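The values are calculated or read from the model by the stated rules, or taken from the named source; none is laboratory data. Note that the structure is predicted; figures quoted are calculated from it, not measured. Here the Cβ positions follow ideal geometry from the backbone for every residue, glycine too, while neighbour counts run over all protein chains shown. What goes into the accessible areas is simple: the full protein's heavy atoms, side chains included, and nothing from ligands, DNA or RNA. Shrake-Rupley method; radii C 1.70, N 1.55, O 1.52, S 1.80 Å.
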Amino acid sequence: MLKLRRDWRGIGCAAVLACLSATAAADTLSEVLERGVLRCAVIEASPGFSAIDADGRRYGFDIDNCRTVAAAVLGDADAIEYVPINPNTAFTTLQSGGVDVFPGGATWTFLRDTSLGLDYTGAYLYAGQGFVVRRASGVERIADLEGATVCVAQGTTNEQNLADYFRARRMKYSIVTFADVERGLNAYLSDRCDAFTTEVFSLAGRIVALRNPEEHLILAEVISKEPFSGLVRQGDPRWRDIVFWAFNSRVAAEEFGLTMANVADIRATSEDAEIRRFLGVEGGFGGKLGLSDDWAYQIVAQVGNYGEVFARHFEPLGLERGLNALWSEGGLMIAMPYR
Amino acid sequence: MYASKRSRLFVRRNSAFWMQCLLGLALAALVFLVFRTTQANLELLGVQSGFDFLSKKAGFSISQHLIPYSEDSSILAALGVAILNTLLLAVFCIALASALGLLVGVGRLSSNWLVSRLSLAYLELFRNIPVLLQIFFWYYVALRALPSFQDSLFITDYLVLNNRGLYFPFIEFGGGLSVNPPVMGRFSYEGGFYLMPEFLALWVGLSLYNASYISEIVRSGFESVPRGQWEAGAALGLKPRAVLRRVAFPQALRAILPPLTTVYMNMFKATSLAAAIAYPEIVSVFVGTVNNLVGRPVEVMAVTLAFYAGVSFLVAWLMGRWNERVLRRGG
Amino acid sequence: MAASLRRSAPSHRGAGRVLPWLQRNLFSSWLNGVVSVALLGLLLWLAVKLAQWLVLDAQWSGSGPGACANTQALCWPFVRARWPQFLYGLYPSAEVWRVNLGLGLGAVLGAALAVRRMPGRRWIAAFLLLAYPPLAGWLFRGGVAGLAPVDTSLWGGFFLTLVVTGSVFWVSLAAGVLLALGRQSRLPLLRQACTVWIEFWRAVPVLVLLFVVIIMLPLFLPSNIKIDPLGRAMIAFAILMSTYLAEAVRGGLQSLPAGQYEAARALGLSWAQSRLQVVLPQALVVALPQITSNFIGLFKETTVLLVIGLFDLLGEVQRAASDPQWLGAGTTVAGYLFVAVFFWLACFSLSRASARLERRMTRYRPARVN
């Protein structure tokens, strides 16, 4: 079967390629510029990451990621068309197009990177998979969950981490898989399961938002590392670069001490050559990405630096920087140099 | 006159031939185009193709499996588990819905006013509410309202019901048959066999909904039996129940079977709604988990479609055979 | 249960007739009496319990999640608080007038059609079938001629349910008729192709087809053609619906006596003329009950959209009920009850209306030649 297909490809290759170059818009950047809006995939209703306020406006960490890319590419952080997607169809939606970037909560793993036809654009948030249990159950460590029923969202790395972790320790458990985190958590809350597991950022966000957060306990241990990265379709290296450097700019801005409030002043007065290159005063760095030279300035001015974005969405949930602090403060966030 | 008619006929037949050729070409071109575009798209996306993923290790666990299965099993085994779960649900639903539908359908014809009205009320109530909503009701409301395992309901000592499911006793064959009641563990009961709440919700929801359709089929089936048949049965000195069983039912069956097949098929297809709650049948396991795991949308979908189409055609064929036999026996 | 299977006698509810009626219909035998009393008792108990739960114990007043501190009691403030979302989803509130206008226009036109003595009914019907759908599409989507664009990902609730049902039915009826005619064609290839197409899709559950189309359609199409998820969902529904309707119409076509076809040919009508003027009008009338029951089925089936991340009425209720602030059995049940009552009223009245229409239409039904 595979052999046959490959032969077939050999024969039809030229024709297919000709056909492609005529019809396919592999160049995402010009497509976005022409359209004037960025198509950004979001997973709905995930406190801290993506939510909708009373006026119907979206906000959250993921949303600011979308805005970061839109500010860099289009100069307008709000020129975005949000495409809500389901976690259990997320990757296929991305593969099949219609979305320029998916900046939300996808763990960077080897298999996904090599087999899904998608490109990762660089880790922008480091999390780990944790558990929430009812305080009344008396569970204090993961080891206490022997024989428990655990709810989890489908098709996520969480599902596999859970299986690996319990199996490695020969712990018995039973699993109930839900289409998304929200339904899984609901099931846990109505006592379908003894524990719910997902990565700790969204877990904390959801538990804080409950009416009675004190009844629940997020276990201190995590069973995995979950580096989150943006995702773009494979086969457009320039677009991948743009998304990577857009995210990088927020970390760089924090390193430079640039904030939403002071970036305009510093841009006008700074003597520092790297900052001047970064903000597009000299060097013409934007042009090398196919963007306007003030691309990074627009990100900082409209969205803010990494610390500001983190504080905006995660501090209200009681989450600390931890691994996500700057490298100079003991974290993993380090900006690639602008030179 | 004769000649002209003949030539017109000829032209007609000829044009039909050419139209078919055109049609065939268009269809072939369409299929070819879709195939090529898909291939090009997949290549552009760097998605691999082929069914080799079926032999890979699954790596995820499935809470209900009728055949031995663990995270180390292959994806093919996971598919087998999912298919068996689908069929198990379908068989349970067909049994319960048929029994209930028969009861309500016969109830519609009862001489007791209250019974016939209540049967009608049942029909109108369950038929006019979306089945997904009914499933949600059973799952999110009714079953969640059950007590937690610490204060489970004991239907008997051997049958335990709580918000984690319905637990059946252990049955052991070692040294004679022994039946032991489910025992309480740290987090839940442990029984020999247990039905998870997701299964119960789908079972009850799908059965109650489809029983309303079956009741209507049963009623019209019985009404299609001529009055004279009842009277003849009574004249032979048969008791009403015997007339029903021996005379009316076999005849009603002839009118009942074809539409009943449709309802059974609909019920089988509706088991896919399990993907909306968390019962691990084929859509949930395959389209949900496996598709995200291996990233082969075309192959995953093809397997799923082939399963549904295969079962449908098989059932249609079997029911057709049964129907033929019923017709041949002539009631 | 009473074993004798006679239809209940017609009731005469005169004052002096009550007792005989009771005896005949409820207490005709010892067994029947016991059954009746037991059922009456059960009904009474149920009614009391329901009334208590629905009315007395329920939370009626107050606003915000705080009003429903008792999470077990039925929580009506929830439905009130989320009412706009249930109706329109996330459709921007400043633009909601467009939805109201579009749906209102449709309702008025539909109502006008239902009035038998309406002058110009033919024109209204033509307008509803041909001009209204694009007009409504423009109103809802905007983006052209001064209306702000509203992305379909913001559509939801009752509005989405209606849009999907309406547009899918509109497309599928046309496609279904074509498929049914194709299945009867004298060209074997066309006939076979239509048969295979119909039989295959009839075997596939709607949810699976939704996944297939959502995920695969973009792979089948050249990458410069993009269809949003709502559009894809509608295509999936339309594929299924058109095959169901094709079967309904085929039933109608088969019920026509062969004489009708022959007569049309004898009159010298072309194929298209004979189908449009003679065959289809009669076949559609015969198929009407099937068509309406399919319509009702489609209407109920739209709830499946929530599985693929589109929020129809049930989806919006589900989404609102999983808001952690509101979470509780009382809110969920209130939401479900609201949706259930809505669907029940709609489906019940639709099926009643269709039965009436059917009775009215039987006048036009071709005489069977048996």
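Listed values, structure above:
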{"item": "Qualifying positions in region C:70-89 - buried (at least 21 other Cβ atoms within 10 Å of the Cβ), under 23 Å from the mean Cα position of the chain (by Cα) and not aromatic (Phe, Trp, Tyr)", "result": "C:GLY89"}
{"item": "Meets criteria (within 30 Å of A:ASP55 (Cβ to Cβ), out of contact with any strand residue (DSSP E or B) (no Cβ under 6 Å at 6 or more places or on another chain) and part of a helix (DSSP H, G or I)) for C:GLY33", "result": "no"}
{"item": "Residue match in region B:291-299 (condition: in contact with a Gly (Cβ under 6 Å, 6 or more places away or on another chain) and either assigned to a helix (DSSP H, G or I) or within 14 Å of chain A (Cβ to nearest Cβ) (or both))", "result": "yes"}
{"item": "Output for region C:178-200, where each listed residue is within 27 Å of B:VAL300 (Cα to Cα), open to solvent by 30 Å² or more (accessible area, probe 1.4 Å) and either at the interface with another protein chain (Cβ under 10 Å from one of its Cβ atoms) or touching a residue at least 12 places away in the same chain (Cβ under 8 Å) (or both)", "result": "C:ALA193, C:THR195, C:TRP197, C:GLU199, C:PHE200"}
{"item": "Identity of the residue in region B:100-118, small (Gly, Ala, Ser) and surrounded by fewer than 22 Cβ atoms within 10 Å (Cβ to Cβ), that ends up modelled with the lowest pLDDT", "result": "B:SER111"}
{"item": "Where a residue in region B:193-214 is free of Cβ contacts under 8 Å to residues at least 40 places away in the same chain and its partner, wherever it lies, is among the small types (Gly, Ala, Ser), with Cβ under 8 Å and at least six apart", "result": "B:TYR194/B:GLY165; B:LEU195/B:GLY165"}
{"item": "Residue list for region C:29-40, filter: surrounded by 14 or more Cβ atoms within 10 Å (Cβ to Cβ) and free of Cβ contacts under 8 Å to residues at least 12 places away in the same chain", "result": "C:GLY33, C:SER36, C:LEU39"}
{"item": "Identity of the residue in region B:248-280, farther than 19 Å from B:LEU96 by Cα and within 14 Å of chain A (Cβ to nearest Cβ), that ends up modelled with the highest pLDDT", "result": "B:PRO280"}
{"item": "Region A:238-256 residues that are polar (S, T, N, Q), paired with ones that are assigned to a helix (DSSP H, G or I) and open to solvent by less than 10 Å² (accessible area, probe 1.4 Å) (beta carbon under 8 Å, 6 or more apart)", "result": "A:SER249/A:THR68; A:SER249/A:ALA72; A:SER249/A:PHE278; A:SER249/A:TRP295; A:SER249/A:ALA296; A:SER249/A:ILE299; A:SER249/A:VAL300"}
{"item": "Region A:261-276, residues that are crowded, with 16+ Cβ neighbours inside 10 Å and under 24 Å from A:ALA325 (Cα atoms)", "result": "A:VAL263, A:ILE266, A:ILE275"}
{"item": "Sole residue being more than 11 Å from chain C (Cβ to nearest Cβ), assigned to a helix (DSSP H, G or I) and out of contact with any His (no Cβ under 8 Å at 6 or more places or on another chain), chosen from B:LEU89, B:LEU103", "result": "B:LEU89"}
{"item": "Filtered residue count, region B:208-243, keeping only those that are surrounded by fewer than 16 Cβ atoms within 10 Å (Cβ to Cβ), within 11 Å of another protein chain (Cβ to nearest Cβ) and not in a helix (DSSP H, G or I)", "result": "1"}
{"item": "Residue selected from region B:281-290 under the condition more than 8 Å from every other protein chain (Cβ to nearest Cβ) and not in a loop (DSSP other than H, G, I, E, B), by the criterion modelled with the highest pLDDT", "result": "B:ILE282"}
{"item": "Selected residue (only one of B:LEU202, B:LEU257 is within 30 Å of B:PRO297 (Cβ to Cβ) and of a type in the set (A, V, I, L, M, F, W, C))", "result": "B:LEU202"}
{"item": "Residue within region B:191-206 that is among the small types (Gly, Ala, Ser), on the phi > 0 side of the Ramachandran plot and either at pLDDT 85 or above or buried (at least 16 other Cβ atoms within 10 Å of the Cβ) (or both) present", "result": "no"}
{"item": "In region A:118-142, residue least open to solvent (accessible area, probe 1.4 Å) [restricted to those that are under 13 Å from A:VAL222 (Cβ atoms) and in a loop (DSSP other than H, G, I, E, B)]", "result": "A:GLY128"}
{"item": "All positions within region C:324-351 that are without any contact (Cβ under 8 Å) to a residue 60 or more places away in the chain and more than 23 Å from C:PHE299 (Cβ to Cβ)", "result": "C:PRO324"}
{"item": "The listed residue being surrounded by fewer than 17 Cβ atoms within 10 Å (Cβ to Cβ) and aliphatic (A, V, I, L, M), out of B:LEU66, B:LEU84, B:LEU88, B:LEU79", "result": "B:LEU66"}
{"item": "Flag for B:VAL160 being within 13 Å of chain C (Cβ to nearest Cβ) and open to solvent by less than 30 Å² (accessible area, probe 1.4 Å)", "result": "no"}
{"item": "Those residues of region C:44-69 which are open to solvent by 70 Å² or more (accessible area, probe 1.4 Å) and either closer than 29 Å to B:SER110 by Cα or touching a residue at least 60 places away in the same chain (Cβ under 8 Å) (or both), in sequence order", "result": "C:LEU44, C:TRP45, C:LEU46, C:VAL48, C:LYS49, C:LEU50"}
{"item": "Any hit, region B:11-34, residues being more than 35 Å from the chain's Cα centre (by Cα), modelled with pLDDT under 70 and of a type in the set (A, V, I, L, M)", "result": "yes"}
{"item": "Test: residue in region A:259-282 that is part of a loop (DSSP other than H, G, I, E, B), closer than 30 Å to A:VAL208 by Cβ and among the β-branched types (Val, Ile, Thr)", "result": "yes"}
{"item": "Selection count where residues are more than 7 Å from chain B (Cβ to nearest Cβ), farther than 19 Å from B:GLY185 by Cβ and either of a type in the set (Ser, Thr, Tyr) or in contact (Cβ under 8 Å) with a residue 60 or more places away in the chain (or both), scope region A:159-181", "result": "5"}
{"item": "Condition check for C:LEU130: of a type in the set (A, V, I, L, M), surrounded by fewer than 16 Cβ atoms within 10 Å (Cβ to Cβ) and either more than 14 Å from every other protein chain (Cβ to nearest Cβ) or closer than 20 Å to C:ARG319 by Cβ (or both)", "result": "yes"}
{"item": "Selection count, region A:81-117, where residues are within 14 Å of the chain's Cα centre (by Cα), aliphatic (A, V, I, L, M) and away from chain C (no Cβ under 14 Å)", "result": "2"}
{"item": "Hits in region C:205-254 - residues which are away from every other protein chain (no Cβ under 12 Å) and either not hydrophobic (A, V, I, L, M, F, W, C) or not in a helix (DSSP H, G or I) (or both)", "result": "C:SER242, C:THR243, C:ARG250, C:GLY251, C:GLY252, C:GLN254"}
{"item": "Region C:98-113 - residue that is in contact (Cβ under 8 Å) with a residue 40 or more places away in the chain and among the hydrophobic types (A, V, I, L, M, F, W, C) and, of those, least open to solvent (accessible area, probe 1.4 Å)", "result": "C:VAL99"}
